[in-house]
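The values are calculated or read from the model by the stated rules, or taken from the named source; none is laboratory data. Keep in mind that this is a model prediction, so the values were computed, not measured. Don't worry about glycine lacking a Cβ; one is built from the backbone with ideal geometry, like all the others, and counts go over all protein chains shown.
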Amino acid sequence: MRQDRRHTRLRPHPWLGTIAVVVAVIAMTTTLSWLSLEEERSPQAPDRATVEIEPSTSPPTPLDTESFQAAIDAAVEECRRVWEAQEQPLQAAAISLAQWQVHVDAMNQLVAGEITFAQATAFWEQTRILATDNVTAFTEADGEYVASDPSCPTPVTPDGIAVDTEALAACDEGIEARDETLDAARVSIRTWHHHVIDMDLLRAGQLSPELALELWRRYWRQGVDELNAYREQLGEAKQESCDGA
């Protein structure tokens with residue numbers, strides 16, 4: 001009897017599974033061989049350890065040392081110009097503050113009973129002479145110095161290059177000490193200037209004796225502390241030097 005083909009079931013061949021496995025193995029082997037061949041053909045990324053450049057351990061050439069020493073020497077010369085520029089405001093400060101010192105010392109001696117009021121007054125009158133002019137001289141000299149934007153350069157020298165930086169270091173430290181002296185001078189001269197103005201106002205009748213005395217006591221106490229700070233800083237600055245300046 002004839003069967004409907006739609007209901008006919010085909011039985012798998014007993015070797016079909018084995019053939020499929022063999023084909024799969026051959027395909028895998030071919031693929032791995034191809035990948036291996038491509039890997040051999042493709043350029044390999046270099047190992048980082050093999051391309052790192054070791055820092056040079058060779059000694060610097062004479063040209064390197066000479067060029068860096070020349071830069072140091074040029075910096076020293078520039079620092080010496082700054083040192084010289086400090087001279088005028090420092091000298092002007094010394095003149096003005098010498099007057100202020102006498103003025104304050106007279107009050108100290110008066111309070112201590114070492115001098116009379118008449119003697120103190122004589123000292124005060126003496127220190128008034130040219131007081132305003134001397135304050136102005138410092139203010140102008142200091143203003144010119146600050147406006148010049150002074151600086152002492154410090155070139156960076158790489159490790160392994162031996163250069164002489166002794167003169168540069170000495171100048172740099174000295175300039176810093178002198179700048180700090182000028183800082184102290186500005187504070188002290190400002191107080192002295194206020195008192196000079198008050199003395200002029202008192203003489204002109206524009207300031208009462210009571211207020212003048214109150215202000216003077218304040219400036220006197222300030223003056224003692226500020227002059228001490230100035231003298232201390234000046235003493236440190238005098239120990240410094242900038243060779244050749």
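Computed values, structure above
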{"item": "Residue match in the stretch 224-242 (condition: in a loop (DSSP other than H, G, I, E, B), at positive phi and small (Gly, Ala, Ser))", "result": "no"}
{"item": "The lone exception for Ile115 - which of (1) surrounded by 13 or more Cβ atoms within 10 Å (Cβ to Cβ); (2) touching a residue at least 12 places away in the same chain (Cβ under 8 Å); (3) assigned to a loop (DSSP other than H, G, I, E, B) it fails", "result": "(2)"}
{"item": "Residue among Leu182, Leu202, Leu227 that is buried (at least 17 other Cβ atoms within 10 Å of the Cβ), under 21 Å from Arg81 (Cα atoms) and of a type in the set (A, V, I, L, M)", "result": "Leu182"}
{"item": "Condition check for Arg186: under 39 Å from the mean Cα position of the chain (by Cα) and within 19 Å of Phe138 (Cβ to Cβ)", "result": "yes"}
{"item": "Subset of the stretch 66-112 [surrounded by fewer than 20 Cβ atoms within 10 Å (Cβ to Cβ) and among the hydroxyl-bearing types (Ser, Thr, Tyr)]", "result": "Ser67"}
{"item": "Residue match in the stretch 48-60 (condition: exposed (fewer than 10 other Cβ atoms within 10 Å of the Cβ), among the charged types (D, E, K, R), part of a helix (DSSP H, G or I) and modelled with pLDDT under 90)", "result": "yes"}
{"item": "Extreme residue, surrounded by the fewest Cβ atoms within 10 Å (Cβ to Cβ), among residues of the stretch 155-179 that are more than 17 Å from Asp73 (Cα to Cα) and at pLDDT below 95", "result": "Asp159"}
{"item": "Selection status of Ala122, part of a helix (DSSP H, G or I) and within 32 Å of the chain's Cα centre (by Cα)", "result": "no"}
{"item": "In the stretch 141-160, residue nearest to the chain's Cα centre (by Cα) [restricted to those that are without any contact (Cβ under 8 Å) to a residue 40 or more places away in the chain and outside any loop (DSSP other than H, G, I, E, B)]", "result": "Val146"}
{"item": "Test: residue in the stretch 65-86 that is under 21 Å from Asp164 (Cα atoms) and hydroxyl-bearing (Ser, Thr, Tyr)", "result": "yes"}
